[in-house]
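Structure first, commentary second.
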C-alpha cells in the first residue's frame, strides 16, 4: 500500500494508487489495472479510477463498480446470474441484468426525436441523462452498494486511502459538504469512463477490417451480409454497422428503444410476485413516462460490441447463450412454443413478461419479427451460426477471441 502522498505530483501518486485496488463481489475475480490503461488521464479521471475499483465504498465492503462491470468481461458482469447480488450482506438480488459500460461515452442524453421516437439516455430505461448521473444510483441502491445516504458514502470516502488526493483535486473542504462531495464522486467516475481508452478502444477485428488491416473469413463475411440484409437478420435496423459520414467507427446501436416481448425470467427473485412486471420506459424505476402506455415494455437498444462475451442477454438476463438470442429473434413468431410456457389448455403464453394490455407494443412489423406460425424463420441454423461468427468479430482486442 502507498503510505505517503506526493502533493507536488498528484498524477504520480494517483497512478501508483491505481494498481492496488481489489475487485470483489458479484462473483468476480480480481483483475488488475495495467499502467497503459490509465496513462495520460486527468487528475479527476485518476480519482475516478480509484473510486471505480474501491469496494470499501459499499455497505458490505466487498462491492466496487468494477465488481459488476469487470474490465476482464468488457466492463460487464463476470458471471451468469440473471441479476447481481448486492446490499449490506451481499445477498440482495437486483432486478435487471448488468449492462456493459463500454462505448457509453458517445451516448446522447434522452430525448424524443422529430418523429416522436425515444432516443438515448443511460440505464436500460434511459432515465439518467449523463454518465455522471448514471454513476450515482448504485452507491445508494439497496440491492447494490447500499449506502443509506450520501453522508454515509462520504464517511466511507473519508477512510479511503486516496482521500488526500480527492481533497487535492476537488478542494480541501469538499468532504465537509456531502452533496458536493457526492457530485464530485460521480463526476470523477464519468471522467474516468470518458478518458480511459479501455472503455472505447475501437480495436476489434471488425474495426481492423474496416481499416483494411485484416480480412474476415468466409463465415464472418456471410454473417455480415445476413446482419445487413433487411430480409434476413435485419440487425442493421437498430445496430448500424457502417462508418458514419465523418468516418467514425460504428457503435452498433442507434440509441433507440425496442419492445421485443422477451420471455419472463423466473430466475429473477422479483418475479415470484405474479404482479411484478418490469416495463422499461414506463416504469417501475423510471417514473416520468408512467402515463405513456405506448412505451411500456421498451428497453434501450445496446451496442453489440463485445456481445459475444456477454454472460446473459436482454434486460432480464433470460438467455445465457448468443445462439439462443439469435434463435429467439428469428423463431419467436414462427415457433413461439420454443420460448414461452404453455397454458393448461396447451396454448402458448406468448409475451408472458408483459401484461396483456401491452402486448400490442411488441415489435411485430420489422423483420425478422414479421413472421407467423408455420412460416420459415428468417435464418436457418447454418445462417445463425454464420451471424454469430460475425458478431464475434466485434470483440475488443483485450477480450477472448472466438475460434475460427
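The values are calculated or read from the model by the stated rules, or taken from the named source; none is laboratory data. What you see is a predicted model, and the numbers here were worked out from it, not measured in a lab. Note that we place each Cβ from the backbone using ideal geometry, even for glycine, and neighbour counts take in every protein chain shown.
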*Report yes if some residue within region 236-255 is in the same structural domain as residue 342 (by TED's automatic domain parsing), surrounded by 17 or more Cβ atoms within 10 Å (Cβ to Cβ), touching a helix residue (DSSP H, G or I) at 6+ places or on another chain (Cβ under 7 Å) and not in a loop (DSSP other than H, G, I, E, B); otherwise report no.*
yes
*Taking the condition on the phi < 0 side of the Ramachandran plot, crowded, with 19+ Cβ neighbours inside 10 Å and out of contact with any strand residue (DSSP E or B) (no Cβ under 8 Å at 6 or more places or on another chain), does residue 188 pass?*
yes
*Tell me, which residue of region 204-244 that is touching a residue at least 60 places away in the same chain (Cβ under 8 Å) and under 19 Å from the mean Cα position of the chain (by Cα) is farthest from residue 41 (Cα to Cα)?*
235
_Scan of region 348-378 for residues that are under 30 Å from residue 207 (Cβ atoms) and within 27 Å of the chain's Cα centre (by Cα), ordered by number_ = 363, 366, 367, 368, 369
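Looking only at region 266-283, count how many residues are buried (at least 20 other Cβ atoms within 10 Å of the Cβ) and either over 22 Å from residue 341 (Cα atoms) or touching a helix residue (DSSP H, G or I) at 6+ places or on another chain (Cβ under 9 Å) (or both). Steps first, please.
First, pick out the residues of region 266-283 that are buried (at least 20 other Cβ atoms within 10 Å of the Cβ): 268, 278-282.
Then keep just the ones that are either over 22 Å from residue 341 (Cα atoms) or touching a helix residue (DSSP H, G or I) at 6+ places or on another chain (Cβ under 9 Å) (or both); that gives 278-282.
Residues meeting the conditions: 5.
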*Within region 293-302, can one find any residue that is crowded, with 21+ Cβ neighbours inside 10 Å, under 15 Å from the mean Cα position of the chain (by Cα) and either at pLDDT below 95 or part of a loop (DSSP other than H, G, I, E, B) (or both)?*
yes
*Within region 329-371, can you find the residues that are in a helix (DSSP H, G or I) and touching a helix residue (DSSP H, G or I) at 6+ places or on another chain (Cβ under 8 Å)?*
330, 331, 338, 357, 358, 361
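I'm trying to understand the selection: among the residues of region 284-314, which are out of contact with any helix residue (DSSP H, G or I) (no Cβ under 8 Å at 6 or more places or on another chain) and in contact (Cβ under 8 Å) with a residue 60 or more places away in the chain? Quick ask: steps written out before the conclusion?
Narrowing region 284-314 to residues out of contact with any helix residue (DSSP H, G or I) (no Cβ under 8 Å at 6 or more places or on another chain): 284-288, 290-292, 299-303, 305-306, 312.
285, 286, 288, 299, 300, 301, 302, 303, 305, 306, 312, listed by residue number.
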